[in-house]
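Enquirer: Quick one: this structure, given as structure tokens, is what I'll be asking you about.
The values are calculated or read from the model by the stated rules, or taken from the named source; none is laboratory data. Keep in mind the model is a prediction, meaning the values are calculated, not measured. Here Cβ is always computed from backbone atoms with ideal geometry, including for glycine, and neighbour counts include all displayed protein chains. Ligands, DNA and RNA are excluded from the accessible area calculation, which covers all protein heavy atoms including side chains. Shrake-Rupley method; radii C 1.70, N 1.55, O 1.52, S 1.80 Å.
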Amino acid sequence: MLPWRRALRALTAALVLAGAATLTPTATAAESAPSRTTVAVSSGWNDYDCEPSAAHPRPVVLAHGTFGNSVDNWLVLAPYLVKRGYCVFSLDYGQLPGVPFFHGLGPIDKSAEQLDDYVDKVLKATDAKEVDIVGHSQGGMMPRHYLKFLGGAEKVNALIGLAPDNHGTTLLGLTKLLPFFPGAEDLLSAATPALADQIAGSKFLTELNAGGDTVPGVRYTVIATKYDEVVTPYRSQFLNGPDVRNVVVQDLCAVDLSEHVAVGILDRVAHHEVANALDPAHAKPTTCLS
């Protein structure tokens, strides 16, 4: 192989890996599947015997981000919501054959179909009529396909996105370099379809956002950080339409330095805003001490 072709292939692979690494919200050390399930149930979520209360009649479904899974993404937020009296459930979606633990990599429209099935499962188990969905990164955007194209609006009261890539990402401009690396876009689409779907201007996002960002009957909340280095520019996360609230955590706590990963996984300011969005009638002011 000619040296320049080797260099191009190396650069292409590096770009793909860099994008994957940057988009990884919860790449932690691998554990066995049983231990992950035990963690979730013992922490009070994914309990299919949970009965929604009169105060919180809708179960909460959590959708992880790219490279995430149903446990690691929610080790803080899920127990936080359980302690506040919610029935909380989390799903794995977007699995690729032979890739354990790290999900959210398959075609996003297919992931939305998995969400459809999972919501039905939760509704049946809890005898509830609607759910609320909270998602991080891809998990905050992917449910919009479910709401818009799969009839999900009839089963969902609210969608709350933590750093969702609603209009795609430029990865700080890196995606604009893909056309200069022959085969890079095809490799990305074939190996990790969800990454290709999340690039600003992709066919998937163009169809998703055509005709408006929202659907009637669903409340939307977007919680963003201006320090987001994955979904860029960060204001591309915002939605337009009725029943939409776009929040920047630094407007609530100026010294909050959370970036893309932290705002979804660890940030108490963001999590307090999630609680407010789930129960707006009893919302409390969010501050740095929330």
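Enquirer: Taking a ≥ b ≥ c as the square roots of the Cα gyration tensor eigenvalues, with a/c under 1.5 meaning rounded and otherwise prolate when a/b beats b/c, else oblate, which class fits segment 235-290?
Expert: Because a/c hits 1.5 or more and a/b fails to exceed b/c, segment 235-290 counts as oblate.
Enquirer: May I pose another question? Determine the gain in length on full extension of the stretch residue 289-residue 84; use 0.36 nm per residue of separation and subtract their C-alpha separation, reporting nm with one decimal.
Expert: 72.1 nm
Enquirer: Could you sort 77-86, 233-242 so that the peptide with the highest average Cβ count within 10 Å comes first and the rest follow in order? Before the final figure, lay out each step's value.
Expert: Details: 77-86: 18.7, 233-242: 16.7.
Averaged packing, sorted descending, gives the order 77-86, 233-242.
Enquirer: Could you rank the peptides 138-146, 222-230 by their average count of other C-beta atoms within 10 Å per residue, with the highest value first?
Expert: 138-146, 222-230
Enquirer: Would you mind counting up the charge near residue 269? Only other residues with Cβ under 11 Å from its Cβ, with Lys and Arg at +1 and Asp and Glu at -1.
Expert: Result for the neighbourhood of residue 269: -3.
Enquirer: Average projected area of the Cα convex hull of segment 184-290, in nm²?
Expert: 8.0
Enquirer: Take the alpha carbon atoms of segment 211-290, find their center, do the same for segment 72-113, and report the distance between the two centers in whole angstrom.
Expert: 19
Enquirer: Could I ask something else about it? Mind putting a number on the dipole of segment 81-140 about its Cα centre? Charges go on the C-beta only, +1 for Lys and Arg and -1 for Asp and Glu, and I need it in Debye to the nearest 20.
Expert: Using only the charged Cβ atoms, the result is roughly 280 debye.
Enquirer: Would you mind working out the accessible area per residue for segment 212-290, using a 1.4 Å probe, and quoting it in Å²?
Expert: Working: 3580 Å² over 79 residues.
Heavy-atom accessible area per residue stands at 45 Å².
Enquirer: Ranking request for peptides 118-126, 61-69, 206-214, 163-171: highest mean number of other beta-carbon atoms within 10 Å first, then the rest in descending order.
Expert: The densest-packed peptide leads the list: 61-69, 163-171, 118-126, 206-214.
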